[in-house]
Every structure is written in C-alpha cells, then in structure tokens.
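Trainee: Below you will find the structure I want to go over with you.
Just so you know, all these numbers are worked out from the coordinates, no wet-lab data involved. Just so we're clear, the structure is a prediction, and the values are computed from it rather than from any experiment. Glycine gets a Cβ as well: all are built from the backbone with ideal geometry, and neighbour counts include every protein chain shown.
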C-alpha cells in the first residue's frame, strides 16, 4: 500500500494529480491508515499509467473513466458488449484520425534526408509493432 506521496513518486505524477483522479473516480483509495492517510494499492500505479497513456492518445477524461470502469467492471455481459461496441467505435474514430495525420505527414517525410527518415521510421516501428499486436488480438 502506498501513501499519496509515495504513489505520486512511483507513478511519476504530482500528488495533486492523484487527488484529482481520486475525486473524479479514476482512482480508488484502498484503505485509510490509523493516521488518516489515504492508502493506494499497486493497482493504482497501473491505473495511473493507463490514464496517462489514454491522455497521450487525446482521450477525454470521460472516455478514460469508461475504459477504466470497463476494466474493473463485473457488469452483465450485455452491458459489457455495449461498452465494448462503444469503445470499438471510438477506436475506429481514432484510427481514421491517425490515417489523416499520416497522410498529412507523408509529403514532409518524403522531403527528409535518408538519416532523418530512418530515425523517424525506427521510432514509429516500435509503436507500430505494439499496435499491430494489440489489433491482431482484437481482430481474431
């Protein structure tokens, strides 16, 4: 169990961020110590990393909350299917946006020298492989 300061340090975010995530329901306090400190579990670190990743993908806090709830939920299968379909639609929208951005960058990429093209490609390849693996799981 972690106190808020320990969790902030471990997850590389501010204590204020943890307070905010707790207030809006993205994080849950697992217990309170005898000294009235809020205590967070190891799961909170994973949740914060997930939240930060979603924020990097420009997801709204509402969308992030829905995804976290989906991960935690023990709702009926029909509700989970509805949420999954909703998330799939969001994913499709993000993919269309990404395709537009790639098409905008291609002419710029073509004008780069070979060294810069290779550097950009190397960076993108790591991300692409992870994305392809995730997509292959969804598409099976």
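Trainee: Measure nothing fancy, just the Cα-based angle from helix 114-139's long axis to the longest principal axis of the chain, in degrees from 0 to 90, nearest 10.
Mentor: Result, in degrees: 60.
Trainee: Kindly state, to the nearest 0.05, the FRET efficiency for residue 43 paired with residue 134, given R0 = 22 Å and r defined as their beta-carbon distance.
Mentor: 0.60
Trainee: When 58, 9 are ordered from fewest to most other Cβ atoms inside 10 Å of their Cβ, what list results?
Mentor: Values: 58 9, 9 13.
The order, fewest Cβ neighbours first, is 58, 9.
Trainee: Cα axis of helix 42-56 to longest principal axis of the chain: angle in degrees, 0 to 90, nearest 10?
Mentor: Here the helix axis deviates by roughly 40 degrees.
Trainee: Then there is this: If you compute Rg and Dmax of the Cα atoms in Å for the structure shown, which of (1) 19.2, 63; (2) 21.8, 74; (3) 16.0, 62 do you land on?
Mentor: The listed entry that was calculated here is (1).
Trainee: Separate question: Divide by every residue of the chain the summed helix terms, -39500 (n - 2.57) for each DSSP H run of at least 4, and state the resulting mean residue ellipticity at 222 nm, rounded to the nearest 500 deg cm²/dmol.
Mentor: Estimated from H runs of four or more residues: -25500 deg cm²/dmol.
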